[in-house]
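J.: The structure follows.
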Amino acid sequence: MRIPKTPIQTSWRADWLAEFSIALIALAFLAREIIFAAVGAGILLSLVSLGLLFHRRLSVLRRELHVAERLPKTRVCLGDSIEGDLTIRNESRLAAQILAVTPVVEKGLSFKLSSSSNQSLQPGTTSSSKFEITSLKSGRFLISGFTLTFTDSRGLFTGEVNYEQADRVEVYPSVRTKVPITPLRLYGGGPEIFRKGPAGMDYAGVREYVPGDEYHRVQWKATARLRTLMVKEFHPETQATLQILIDAGRTMHDQSYVGTKLDEALAISQLLVESATGSADRIGTLVYDESKIVKAVKPERAEQHLVSLRELALRLLPRALGEKPARQAPAPSWNVEKAPPPVEPLATFIRLLRLKLGSSHKKTGIYKSLEQATTANPDSVIILTDLLTNNEVLSRCVSTWLGRANIIVAQIGAPWRLCVSLEDAYVAHERNSRILKHMQRAGLAAFDVRPEMLIDEIGGALLMSRQRAYG
């Protein structure tokens, strides 16, 4: 129980003694025995006097006890920890029984004290201990100070004293990978996003269970025979049309994790098509640059489109045609020194003014691709781009075609993920987040995730759109 207008709380021992003294006083009135009243009043007065002494002790410790912490660094990556030193010096003439040490930090930092905080600090002595701060999210966080919880020698009262500090910790997005990135680890196998769509009544056969399948569709006889979990498969009631738009602009030929960004976009497209193999869905692909549609494949069955997509990928490589590439891609390296320079504010303002006043956006490749893709009445449109060009045009096209199809924007090779410098990564990450939030406010499903999670994110967005379409 907290004592009003004080930072002191009573323990269960003090509460039990107070209740016992009140019971003795009540018994004295009933039995008319003065001895019970005297004992009860004595216990109650003793508790009050001990509480006043403890309150005075807290006032002295608030002035004479000094708490200092030292952080060797204040800038870390997301998920990394900071090991610091916490020093408590008792310059008073009173012994301090410290029960707990709690930091006053903003949400986003996790604090852990290496040694036990329950200790007795004698007058004129100093206590040192290690602590560890772990970052849970990126941003700037303030360490306001520490709260020490004291107790008296009898364990009757506890009180808190705040010691103010003023330290800030800056947490940057993580730009390092824990495991070597290979094409297989980078993209994974892709989820069975099309085979988990709404099914009809026509029985098609059995297949292996994948996460997300309903348990009532388990085929137990086939499971017992094959000794692996099998589920019933049904033909879908309707076939869906999916359009994949691939950005092949100037910035998509820059180096990324494995090959160029265009190579990654083509690999992701192939995995999406492979996931649709065996379904009745139709898939089409459009490749565009800054001003035109480079290649186009009409919607067709996934088995046929897989062959067409591989041929299209070969045609997009200049060396396969014996031509000299217009721009040499830089050598594979993880040490990208700086993020792409920001666009000048004046140029951005002029481009936005042209978009609002004129029809120049209709001459861009993304506009022509969306216009041609929506003529096939697709259920979903997936745009694979690095979001470095034509962002204003893409946001404006939402109002025209978002009602006709579910548009998903998947970012390929975000600039901040390839930065080595923490400062450059933080600035590039903030700029990239503003672009994504602007598109999400416009109604687009736009996301930037780790490359190995990109297929799962696209699959989740497609499943959500199908669940909404089929009720």
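J.: In whole Å and largest first, what semi-axes does the C-alpha gyration tensor of the stretch 64-172 yield when each eigenvalue is scaled by 5 and square-rooted?
T.: Equivalent ellipsoid of the stretch 64-172: 28, 13, 11 Å, largest first.
J.: A 27 angstrom limit on the alpha carbon distance is what I want to check against. Which of LYS5/LYS130; LYS261/LYS295; LYS112/LYS437; LYS368/LYS437; LYS73/LYS261 exceed it?
T.: Over 27 Å Cα-Cα: LYS5/LYS130; LYS112/LYS437; LYS73/LYS261.
J.: Can you spot the aspartates and glutamates whose alpha carbon is less than 15 Å from LYS362's alpha carbon? Ignore those fewer than 8 places along the same chain.
T.: ASP289, GLU290, GLU371, GLU392
J.: Still on this structure, I have one more. Per-residue counts of other Cβ atoms within 10 Å, averaged by peptide: what ranking do you get for 152-160, 250-258, highest first?
T.: Output ranking for 152-160, 250-258: 250-258, 152-160.
J.: What ranking, highest mean first, results for peptides 387-396, 214-223 when packing means the other Cβ atoms within 10 Å averaged over each residue?
T.: 387-396, 214-223
Every number here is computed from the coordinates shown, using simple stated rules; none is lab data. Since we're looking at a predicted model, the values are computed, not measured. Please note: Cβ atoms are built from the backbone with ideal geometry, for glycine as well, and neighbour counts cover all protein chains shown.
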